[in-house]
Amino acid sequence: SQNSPVPVGSLSSGVAAISVGYRHACAIKTNGALYCWGNNNYGQIGIGTTNIQDIPKAVTYMSSGTTQVDTGWFHTCAIKTGGSVYCWGSSSWGELGIGTTGTSELVPVLLPSMNSGVATISAGNGHTCAIKEDGSAWCWGRNNSGQLGDGSGVTQTSPVLVSSLSMDATSISADDEVTCAIKTDGSAWCWGNNFYGQLGDNTTIERDTPIQVDGLSSEVSSLLTSGNHTCAIKKDGTLWCWG
């Protein structure tokens, strides 16, 4: 362990973006190459093996064109130029979006229904969500607490449209049984597990479709959910948290 910052292997320069998940991390270099390292028991590093990696390794099929990456608990997803989505690692609950459960993918796999036009993605624990360039929000994977937001409460192995956010979402955040998003009007919405009030609707009622966060009807610029709590920043720079 290190109690002060140290350079990360071959990534001491030229890094454009980074994502830290549950015991693994990934980074995109300025040339669009993707590197991952850490725990790899489900292949979440994306290098074709399940060996733990203590230094960054180049992800298979991701040597260029990677524009965004997000690391979940046991899986990873990335967007390439043109908006195509690739996921790898655990598909225990269908979180890879490729029509399977109870499997693992050791290298990135293209999602058939997300092969273009995806603007942003968020990988959680057992589920994944994305927003397309047209503003539509999509989720897939585990749905035991309604975290997919489609109103079914049923696990989905391929992307499904999030209810009431069609054509109107700008950002999305998925974590442990909770998902939150910002709409084009700056309002914040959450759905899924609400045991600790992490949906911010002044209740502890589980929601399987999006519910507006109490008091955040406009001016929200960014938002992040982390399992049992959620935080948002408004355009005036104020920070709001709940859960």
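The values are calculated or read from the model by the stated rules, or taken from the named source; none is laboratory data. For clarity, every value in this text was computed on a predicted model and none was experimentally measured. With ideal geometry, Cβ positions are generated from the backbone for all residues, glycine too; neighbour counts draw on all protein chains shown. These area figures cover heavy atoms from the full protein model, side chains too; ligands, DNA and RNA do not enter into them. Shrake-Rupley method; radii C 1.70, N 1.55, O 1.52, S 1.80 Å.
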Cross-chain or 6+ apart pairs with Cβ under 7 Å, the stretch 175-199 first and modelled with pLDDT of 95 or more, then of a type in the set (Phe, Trp, Tyr): Thr179/Trp191; Cys180/Trp189; Ala181/Trp189; Lys183/Trp189; Gly197/Trp242; Gln198/Trp242; Leu199/Trp191
Can you name the residue in the stretch 172-194 that is closer than 20 Å to Phe74 by Cβ and β-branched (Val, Ile, Thr) and, of all such residues, is surrounded by the fewest Cβ atoms within 10 Å (Cβ to Cβ)? Ile172
Which listed residue, of Asn202, Asn143, is part of a loop (DSSP other than H, G, I, E, B) and open to solvent by less than 10 Å² (accessible area, probe 1.4 Å): Asn143
Test each condition in (1) among the hydrophobic types (A, V, I, L, M, F, W, C); (2) open to solvent by 10 Å² or more (accessible area, probe 1.4 Å); (3) farther than 15 Å from Asp175 by Cα for Trp138 and report the one that comes out false. (3)
Among what's in the stretch 74-97 and is in contact with a His (Cβ under 9 Å, 6 or more places away or on another chain) and not small (Gly, Ala, Ser), pick the residue that is surrounded by the fewest Cβ atoms within 10 Å (Cβ to Cβ). Trp93
Condition (residue is among the polar types (S, T, N, Q) and in contact with a Leu (Cβ under 8 Å, 6 or more places away or on another chain)) applied to the stretch 119-137: is it met by at least one residue? yes
For the stretch 104-119, the count of residues that are open to solvent by less than 50 Å² (accessible area, probe 1.4 Å) and assigned to a helix (DSSP H, G or I) equals 1
Which condition number in (1) open to solvent by less than 30 Å² (accessible area, probe 1.4 Å); (2) not in a strand (DSSP E or B) is the one that Asp150 fails? (1)
Across the stretch 1-36, what is the number of residues that are open to solvent by less than 40 Å² (accessible area, probe 1.4 Å), over 14 Å from Ala78 (Cα atoms) and part of a strand (DSSP E or B)? 1
So Ala169 ticks every box in (1) among the small types (Gly, Ala, Ser); (2) buried (at least 22 other Cβ atoms within 10 Å of the Cβ); (3) touching a Leu at 6+ places or on another chain (Cβ under 7 Å) but one. Which box is left unticked? (3)
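Quick one: which of Asp54, Asp134 is outside any strand (DSSP E or B), without any contact (Cβ under 8 Å) to a residue 40 or more places away in the chain and more than 30 Å from Phe195 (Cα to Cα)?
Sole residue among the options that is outside any strand (DSSP E or B), without any contact (Cβ under 8 Å) to a residue 40 or more places away in the chain and more than 30 Å from Phe195 (Cα to Cα): Asp134.
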If you go through the stretch 40-60 one residue at a time, do you hit one that is among the aromatic types (Phe, Trp, Tyr), open to solvent by 40 Å² or more (accessible area, probe 1.4 Å), within 14 Å of Leu111 (Cβ to Cβ) and more than 15 Å from the chain's Cα centre (by Cα)? no
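What about Thr100, is it among the polar types (S, T, N, Q), touching a Ser or Thr at 6+ places or on another chain (Cβ under 9 Å) and either on the phi > 0 side of the Ramachandran plot or not in a strand (DSSP E or B) (or both)? Step through it out loud before you land on a result.
Numbers: among the polar types (S, T, N, Q): yes; touching a Ser or Thr at 6+ places or on another chain (Cβ under 9 Å): yes; either on the phi > 0 side of the Ramachandran plot or not in a strand (DSSP E or B) (or both): yes.
Spelling it out, Thr100 is indeed among the polar types (S, T, N, Q), touching a Ser or Thr at 6+ places or on another chain (Cβ under 9 Å) and either on the phi > 0 side of the Ramachandran plot or not in a strand (DSSP E or B) (or both).
Taking Ser122, is it in contact (Cβ under 8 Å) with a residue 24 or more places away in the chain, assigned to a strand (DSSP E or B) and open to solvent by less than 40 Å² (accessible area, probe 1.4 Å)? So that I can check it myself, show each step before the final result.
On the way: in contact (Cβ under 8 Å) with a residue 24 or more places away in the chain: yes; assigned to a strand (DSSP E or B): yes; open to solvent by less than 40 Å² (accessible area, probe 1.4 Å): yes.
Considered against the rule, which asks whether it is in contact (Cβ under 8 Å) with a residue 24 or more places away in the chain, assigned to a strand (DSSP E or B) and open to solvent by less than 40 Å² (accessible area, probe 1.4 Å), Ser122 comes out as yes.
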